[in-house]
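The block underneath contains the structure these notes are about, expressed in structure tokens.
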Amino acid sequence: MRSARKKVSTPKHIPVFFQIIGLFVLWALYRSLFVFPDWFDEIFAKGIVFGLPSLLYARNALRVREKLGLSPDRFWCGMYMGLLVGGIYGFVGAFRSLSSGTHVEPGMLFASSQFWYTFFLAMMTGWWESVFFFGYIMNAMKDEYKLPEVFAVVAACIVFVAFHAPLRFMLEGFGSVAVAQLTLLGIFAAGQAILFLRTKSLYSIVISHALWGMVLMIYGTP
């Protein structure tokens, strides 16, 4: 009688936690060792480091469009909410500038090729970061570790801030300015996560992320 062979179970994938650690090290090394133009960072570097893991997750996920918020029937709802939130960012940015004594003059922004170039890069940034941090990381935390939504949001925010920390520290040093900027980024990430959970639409946080970036460019970084 042949003895039954014992099946050895092998993991189907690298756990999300270790994926995040590996990608963080890769991104931190890239930021510290290489200096490429902004268009390369936002289109290609983030497309590889943020986009590929998200696509691999989406390929194996059930109901991919629903999980990543890419369902066509959520497009217009997402766009309206993203524009609404982005409009609030714009109002706050203008109010902050006016209250600090800055004279704001109307400009022909939409007629400027530089404006549209910057907006395109902001959209690319919003796309890759939204797919990675919220479509992938936050969903994967709920799927793999069965975290409640509130803890999945916290986890996604921590990862978001961690990935933005190397550049902030390189630009501002290890001081209060960098800490303040990272704190603001954490609050922004929490808002993005909540918006994504409520709208179930990636489109909403892509457009709100892009408009957030444009507000910072026009009215100055915090």
Tell me, please, whether a residue that is at pLDDT 90 or above, in a helix (DSSP H, G or I) and either over 27 Å from V179 (Cβ atoms) or under 17 Å from the mean Cα position of the chain (by Cα) (or both) can be found in the stretch 59-76.
-> yes
What single numbered condition from (1) more than 14 Å from the chain's Cα centre (by Cα); (2) in contact (Cβ under 8 Å) with a residue 24 or more places away in the chain fails to hold for F50?
-> (1)
Hey, can you tell me all the residues within the stretch 94-128 that are loosely packed, with under 10 Cβ neighbours inside 10 Å and either at pLDDT below 75 or more than 19 Å from A210 (Cβ to Cβ) (or both)?
-> S99, S100, G101, H103, E105, P106, M108, F110, A111
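The values are calculated or read from the model by the stated rules, or taken from the named source; none is laboratory data. If you're wondering where the values come from, they're calculated on a predicted model, not measured in any experiment. Note: ideal-geometry Cβ built from the backbone for every residue, glycine included; neighbour counts use all protein chains shown.
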